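To start, the structure under review is shown below, and the notes come after it.
Each value in this text was obtained by applying a stated rule to the coordinates, not by laboratory testing. Please read all numbers here as calculations on a predicted model, not as lab measurements. Please note: Cβ atoms are built from the backbone with ideal geometry, for glycine as well, and neighbour counts cover all protein chains shown.
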Amino acid sequence: MNDVLVKSLQEMPDIASNIEISNQIRMHHMLQSLFPNANAKVLFIISELLQSESVMISTREIPCDNFDIYHKRMKNVMNKAKKSTCQVLKVGAGIWNQEAQQFEVIAHNGGLDDQIKCSLEMHELKMGCGHAEPNAFAIASRLGLRIEGMSMWVTDSPCYSCAQLNVSGGIKEVWFIRNHMNPLGIYYLLINNVKVYQLLPMKIREFILVPVSY
């Protein structure tokens with residue numbers, strides 16, 4: 001078992017006393033297989049939340065006859081990400097209108113108009129830079145667009161704050177390529193009935209909540 005997880009359990013006896021350790025370990029390993037980049041503390045928190053709801057995050061493959069359509073759509077978002085002013089991670093986000101079959105807005109993280117620069121020093125101070133999804137929402141607001149019921153296409157799965165924004169903004173689907181290091185965002189989307197899909201080279205993976213018993 002992960003040393004950090006063991007330490008977390010030992011340091012929180014009030015929580016551990018109400019949770020079967022075997023279930024906690026099993027949940028931890030299942031989450032670790034889904035989110036290999038997440039740290040043990042985050043996985044421990046998510047496993048707690050999932051157990052309180054008697055659910056587990058799982059995935060299933062979605063049949064698709066033409067991957068080119070989805071990859072071309074995501075490529076537009078990836079190209080926008082390349083224009084980001086962030087020096088740490090370049091992220092793109094697009095608001096897709098399924099009815100009109102077009103992106104209403106595509107944005108990147110960092111400065112909205114390439115004027116505000118995101119420096120390494122900002123990240124060292126834990127300030128970071130403007131995320132891609134809030135930038136997309138800001139542009140949509142400037143344009144007076146109604147985006148409720150649309151889908152968000154983003155290069156990286158939403159962090160927790162961006163997940164909250166997606167839910168509040170009425171986004172019904174989130175598509176991404178890379179897993180964010182903190183999967184709390186995916187958990188928040190799922191519990192609020194937002195569909196979550198990961199676009200892989202030759203398949204589409206849907207994240208779902210499945211009931212479990214302990």
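Please give the residues of the stretch 161-201, grouped as numeric ranges, whose backbone N is less than 13 Å from a label point set 7 Å along the Cα-to-Cβ vector of residue 39.
Correct set: 181-183.
Need the full-extension length gain, residue 70 to residue 102, defined as separation in residues times 0.36 nm minus the C-alpha distance. One decimal, nm.
10.3 nm
Roughly how many whole Å is it from the C-alpha centroid of the stretch 141-214 to that of the stretch 33-99?
Measuring centre to centre over Cα atoms gives 7 Å.
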